[in-house]
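The values are calculated or read from the model by the stated rules, or taken from the named source; none is laboratory data. From a predicted model like this one, the values you see are computed outputs, not experimental measurements. Heads up, the Cβs are rebuilt from the backbone with ideal geometry, glycines too, and the neighbour counts pull from every protein chain shown. Just so you know, the surface numbers come from the protein's heavy atoms only, side chains and all, with ligands and any DNA or RNA stripped out. Shrake-Rupley method; radii C 1.70, N 1.55, O 1.52, S 1.80 Å.
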Amino acid sequence: MNTELDMNRIPRHIAIIMDGNGRWANERGQERTYGHQAGVTAVRTITSECTRLGVKFLTLYTFSTENWNRPQQEVAALMALLVASLEEEIFMKNNVRFRVIGDRSRLPQEVKDVVSGLEKRTENNNAMTAVIALSYSSRWELTKAMNDMAREVAEGKLKPGDITEETVSNHLESHFMPDPELLIRTGGELRISNYLLWQIAYSELYFCDTYWPDFDEEELHKAIADYQRRQRRFGKTEEQVENEQKTQS
């Protein structure tokens, strides 16, 4: 299945905007929640395949801070689905650590208890870390980081002149993982939707029309293969990158 992939160039960190659940369901004459249920199956499939490929961090945009503005019935259904779908066996079977980034204060107590418990029980798993961005938005994250740094300055723990890019990164929810090399968005939309804005400064972006419930191993391989055909320059010229590669080889 992965014959076209260079196994030496698998992204260490893949972030995904899982879009299209509702439209997938509507096209089948079903309620949006039916699409979200189908999306859970895709999460399990992609988590297992990323582990198999050697991806070390997989971050999934599960519920944004803006999603709290959706109809209350849909929000309640999503929270109930989240609780029901976080099965410990899936993470233990694949030796995957589970973590959450986002504003936990807004989550129902049952959800808080479930995610905290799963984080604790999987903390020694080390094949991959599966991160769900839950009640998350990048602007919320950056605002929180600025407030935390301002408080440290006021307390004399941090000098304003000492604040660097590294300082900011260390105050983000994602401080424990590297920036994504590859960001995938399913569902045909061409926007970032307030997701990991600081972290994806030099990520490769991949957009596809496939709705999330239909995003399977083959679709994942297409995204990674596309990533592997690109030259990552980080502001340098093509010549500079090629010369560096020759020197390293």
request  = Looking only at the range 99-111, count how many residues are open to solvent by less than 60 Å² (accessible area, probe 1.4 Å) and either more than 19 Å from ILE46 (Cβ to Cβ) or touching a Lys or Arg at 6+ places or on another chain (Cβ under 8 Å) (or both).
outcome  = 5
key: Test result for ALA84, more than 29 Å from GLU218 (Cα to Cα), part of a helix (DSSP H, G or I), modelled with pLDDT under 95 and open to solvent by 50 Å² or more (accessible area, probe 1.4 Å)   = no
ask   = What is the residue count in the range 189-226 for residues that are more than 22 Å from TRP24 (Cβ to Cβ) and charged (D, E, K, R)?
value = 2
Only one of MET92, MET79 that is aliphatic (A, V, I, L, M) and surrounded by fewer than 15 Cβ atoms within 10 Å (Cβ to Cβ) = MET92
task = Test VAL241 against the stated conditions and say whether it is farther than 21 Å from GLY39 by Cα, more than 14 Å from the chain's Cα centre (by Cα), at pLDDT below 95 and open to solvent by less than 50 Å² (accessible area, probe 1.4 Å).
result = yes
inquiry  = Quick check on ASP19: is it in contact (Cβ under 8 Å) with a residue 60 or more places away in the chain, out of contact with any Leu (no Cβ under 8 Å at 6 or more places or on another chain) and closer than 17 Å to CYS208 by Cβ?
reply    = yes
request  = Specify the residue that is nearest to ALA145 (Cα to Cα); the eligible residues are those in the range 177-215 that are touching a helix residue (DSSP H, G or I) at 6+ places or on another chain (Cβ under 9 Å) and open to solvent by 60 Å² or more (accessible area, probe 1.4 Å).
outcome  = TRP198
task = Considering each residue of the range 41-65, count those that are surrounded by fewer than 18 Cβ atoms within 10 Å (Cβ to Cβ) and without any contact (Cβ under 8 Å) to a residue 60 or more places away in the chain, and give that number.
result = 4
task = Using the structure shown, decide if GLU66 is of a type in the set (Asp, Glu), within 24 Å of LEU220 (Cβ to Cβ) and out of contact with any helix residue (DSSP H, G or I) (no Cβ under 9 Å at 6 or more places or on another chain).
result = no
task = Could you tell me whether THR129 is at pLDDT 95 or above, hydroxyl-bearing (Ser, Thr, Tyr) and in contact with a Phe, Trp or Tyr (Cβ under 6 Å, 6 or more places away or on another chain)?
result = yes
